[in-house]
Amino acid sequence: MSGTLEVIVNTLFGLVLIYLIIVMVGALGVCSASSVTVVQITKRNVINKMYGQAMKTISGDWLEKHGFEFAGCFRTKPRRGESGIVGWKHASGSTYFCLYLYHTGQNSKEFLTLYTGSSRLFTSSRADELLIPHGAGCWMQAFHRCSIERMWMLHTEAETFLRQELGYTLADVTDNLDKEIAKAVRCQMDHVRSQLLWPLRIPFWIVTRICRLHGKTIALQVARRSDIEFMM
């Protein structure tokens, strides 16, 4: 009996230790991201290198065909894992496409549409973008291993849904992409830090949000809003 009790105690101790590690690492990450800045790269050789990397993943013809124009290369400070960001702006003026490059040679894709009142719509290829809440008015949908063609279709469908069903209005964007990325990150971190006992809730968000939200369109998220509000 004592042996069984010892196993239970050791297991509980291990789980508590893992929980506290996740809390500390998550809290440090949120606090660090709260002061993030994004700088535009001006060195031509660095721009050419990053753009060349991007073109190995994204077709320039596809971008041109769908109305995207090169907006520059960027880096975040402090670094959030990516080695750089290559961005394009859509002809509509309210939507961006970003390709995040990583030191591992991998990359992730993200579409961003801006609305009035600081509302935003994200469509990402990274499921971990769902791990922590984004706050009211900021919508995130993520589809792992999704082609850019399908991501764009899902993004435009969500953009139309938010305008027609929820009355969102596209913003007249005046800031550059670097400022918009930084604002989006800081707004999300400010929202997280406004939640009661937010560091202690990070493990709960990690476990529940990615399972419940990954692969769900914005329309489906709205339909199931009452089921997922507790995760926000």
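With the condition kept exactly as written, say whether any residue in the range 66-86 is surrounded by fewer than 20 Cβ atoms within 10 Å (Cβ to Cβ) and closer than 17 Å to Met151 by Cα. Checking the range 66-86: at least one residue is surrounded by fewer than 20 Cβ atoms within 10 Å (Cβ to Cβ) and closer than 17 Å to Met151 by Cα. Checked against (1) part of a loop (DSSP other than H, G, I, E, B); (2) within 17 Å of Ser119 (Cβ to Cβ); (3) within 17 Å of the chain's Cα centre (by Cα); (4) not aliphatic (A, V, I, L, M), Lys179 meets all criteria but (1). Highlighted here are the strands (runs of 3 or more DSSP E) found entirely within the range 84-143 that include at least 1 residues which are hydroxyl-bearing (Ser, Thr, Tyr), over 17 Å from Ala158 (Cα atoms) and over 13 Å from the mean Cα position of the chain (by Cα): 95-102. When you check Glu159 against the structure, is it acidic (Asp, Glu) and in a strand (DSSP E or B), yes or no? Taking the combined requirement at face value, the residue does not satisfy it. Among the residues of the range 26-52, those identified as assigned to a helix (DSSP H, G or I) and either over 29 Å from Gly87 (Cα atoms) or not aliphatic (A, V, I, L, M) (or both) are Gly26, Gly29, Cys31, Ser32, Arg44, Asn45, Asn48, Lys49, Tyr51, Gly52. The residue that is surrounded by the most Cβ atoms within 10 Å (Cβ to Cβ), counting only those in the range 131-148 that are farther than 25 Å from Leu200 by Cα and in contact (Cβ under 8 Å) with a residue 40 or more places away in the chain, is Phe143. The C-beta contact set for the range 30-56 (first residue farther than 11 Å from Arg186 by Cα, second residue assigned to a loop (DSSP other than H, G, I, E, B) and hydrophobic (A, V, I, L, M, F, W, C), distance under 6 angstrom, 6+ apart or interchain) comprises Ile47/Ile41. When Tyr96, Tyr19 are screened for being of a type in the set (Ser, Thr, Tyr), crowded, with 16+ Cβ neighbours inside 10 Å, in contact with a helix residue (DSSP H, G or I) (Cβ under 6 Å, 6 or more places away or on another chain) and in contact (Cβ under 8 Å) with a residue 60 or more places away in the chain, only Tyr96 passes.
Bear in mind these aren't lab numbers, they're just calculated from the coordinates by the rules spelled out. All values derive from a computational prediction rather than experimental measurement. Positions of Cβ are generated from backbone atoms using ideal geometry, with glycine treated the same way; all protein chains shown enter the neighbour counts.
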